[in-house]
1. Test His66 against the criterion of being open to solvent by 10 Å² or more (accessible area, probe 1.4 Å), within 30 Å of Ala330 (Cβ to Cβ) and not in a strand (DSSP E or B), and give yes or no.
2. Given the conditions (1) more than 28 Å from Leu154 (Cα to Cα); (2) in contact with a Ser or Thr (Cβ under 8 Å, 6 or more places away or on another chain); (3) surrounded by fewer than 20 Cβ atoms within 10 Å (Cβ to Cβ), and given that Tyr113 satisfies all but one, which numbered condition is not satisfied?
3. If you scan the stretch 69-97, which residues turn out to be free of Cβ contacts under 8 Å to residues at least 40 places away in the same chain and either over 18 Å from the mean Cα position of the chain (by Cα) or open to solvent by 80 Å² or more (accessible area, probe 1.4 Å) (or both)?
4. So, of the residues in the stretch 132-148 that are out of contact with any Leu (no Cβ under 7 Å at 6 or more places or on another chain), of a type in the set (A, V, I, L, M) and assigned to a strand (DSSP E or B), which turns out to be farthest from Gly28 (Cα to Cα)?
5. Does the stretch 234-255 hold any residues that are in contact (Cβ under 8 Å) with a residue 60 or more places away in the chain, farther than 11 Å from Cys266 by Cβ and not in a loop (DSSP other than H, G, I, E, B), and which are they?
6. If I filter the stretch 279-324 down to residues being within 22 Å of Ala265 (Cα to Cα) and of a type in the set (Ser, Thr, Tyr), which single residue comes out as farthest from the chain's Cα centre (by Cα)?
7. Out of the residues in the stretch 29-63 that are open to solvent by less than 10 Å² (accessible area, probe 1.4 Å) and more than 26 Å from Gly366 (Cα to Cα), which is modelled with the highest pLDDT?
8. Looking at (1) assigned to a loop (DSSP other than H, G, I, E, B); (2) over 26 Å from Ala10 (Cα atoms); (3) of a type in the set (Gly, Ala, Ser), which is the one condition that is false for Ala381?
Amino acid sequence: MTQETILTNARVVLPDDVITGTVVLRDGRIADVASGGTGVAAAQDCEGDFVAPGLIELHTDNLERHMVPRPKVDWPHRAAILAHDRELAGTGITTVFDAIRVGSILSGDHKRYGKYARQMADEILDMRNRGALKISHHIHLRAEICSETLEEELGEFGADDKVGIVSLMDHTPGQRQFRDVSKFETYVRGKHNMQAEGFAEYVEFLYGLQAQLGAKHEAAAVAAAARYGATLASHDDTTAEQVAASHAHGVAIAEFPTTVEAAEACRATGIANIMGAPNLVRGGSHSGNVAAHELAQAGLLDILSSDYVPAALLQAAVQLAGVWDDMARAIATVTATPARSVGLVDRGEIAVGKRADLIRFGVLDGAPLVQAVWSEGSRVA
């Protein structure tokens, strides 16, 4: 039986323009896009709301927030996955790369991060295969370079897992995201309720770990991405030298460059710059790094990521439309550009034949108001 939805009287966000028109969804695909209205009685009147492609999220920590809703509280994983899935659907995200950490610290007093990646990936893939999830889920492995078990955990994954992204994460204090060690101290002590003496010991432990295993782990993560057929991402590049190293590794996307210098170097080498949507919404980085709006104004922002606030993705895109005076260009940072960067050629724009992943939203006093979300033509929010 044919499943059809007709959306009319909408401001349709196309790759390079916004038109007032009609979009027809049929059997999970976009069947027609046209200017003007339609005489079909069953058409849904969008009352001038925007209709845009479903949002594509490449890096979100939101699943971990549902897994550990409070310190030392381990929530049942399947319940966490379902809550995460429904939350994203409600914010207009229809494709997500769930960031799962690989690389743990299991030593005595310094035990901070236990292993969970293989189990979590199995549960996501099982729920996806059984049709329990409303949106399209993919695996993003966050490879923690400064850890003890990275090689072992990477070895638990293979090509059959269809890992979409591997990102190179080095959170050793004093560089990259935490050049300012005081910011790292605020983050770690707050998260783990750590005393000052314990923090100093922990930092020394991390320095030793990075010196011993950093280069080896980085090489292992690069090799694993190639083995999986995954897109390789860098994280928190700060200097042109770090970007040059990323480029040599085959990095295609740079998550959250921390300086204009790094963003410019990424642009020069063809690496796409991802910035955090919360950074744009808040007007600055919580770690004291470069502001997303500064890169946007310089024409150096390619992709937005919701990072730790799912609702920030559409909010930031709407704000970016104001910065650029171009809604189509802004929406592309959360749809077409992220899709292309990870090889998803079947989605990310409103065009005949593409997946019918769509959102309808209005704007109320500068804030987006999500009215409806479709994933492969089915209403999911």
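The values are calculated or read from the model by the stated rules, or taken from the named source; none is laboratory data. Please read these numbers as outputs of a predicted model, since none were measured by experiment. When we count neighbours, we look across all protein chains shown, and the Cβ atoms used for this are built from the backbone with ideal geometry, even at glycine. With ligands, DNA and RNA removed, areas are computed over all heavy atoms of the protein, side chains included. Shrake-Rupley method; radii C 1.70, N 1.55, O 1.52, S 1.80 Å.
1. Values: open to solvent by 10 Å² or more (accessible area, probe 1.4 Å): yes; within 30 Å of Ala330 (Cβ to Cβ): yes; not in a strand (DSSP E or B): yes.
Yes.
2. Just one mismatch for Tyr113, condition (1).
3. First pass over the stretch 69-97, keeping only residues free of Cβ contacts under 8 Å to residues at least 40 places away in the same chain: 69-70, 72-76, 79-80, 83-84.
Across the stretch 69-97, the qualifying residues are Pro69, Arg70, Lys72, Val73, Asp74, Trp75, Pro76, Ala79.
4. Leu141
5. From the stretch 234-255, those in contact (Cβ under 8 Å) with a residue 60 or more places away in the chain are 234-238, 242, 246, 249, 251-253, 255; that's our starting set.
After this cut, where a residue has to be farther than 11 Å from Cys266 by Cβ as well, the list is 235-236, 238, 249.
Hits for the stretch 234-255 are His235, His249.
6. Among those that are within 22 Å of Ala265 (Cα to Cα) and of a type in the set (Ser, Thr, Tyr), it is Ser287.
7. Within the stretch 29-63, the first condition is being open to solvent by less than 10 Å² (accessible area, probe 1.4 Å), and the residues that meet it are 30, 46, 51-60, 62-63.
Still in the running and more than 26 Å from Gly366 (Cα to Cα): 30, 63.
Working: Ile30: 98, Leu63: 94.
If we take residues in the stretch 29-63 being open to solvent by less than 10 Å² (accessible area, probe 1.4 Å) and more than 26 Å from Gly366 (Cα to Cα), then Ile30 is modelled with the highest pLDDT.
8. Of (1) assigned to a loop (DSSP other than H, G, I, E, B); (2) over 26 Å from Ala10 (Cα atoms); (3) of a type in the set (Gly, Ala, Ser), only one is false for Ala381: (2).
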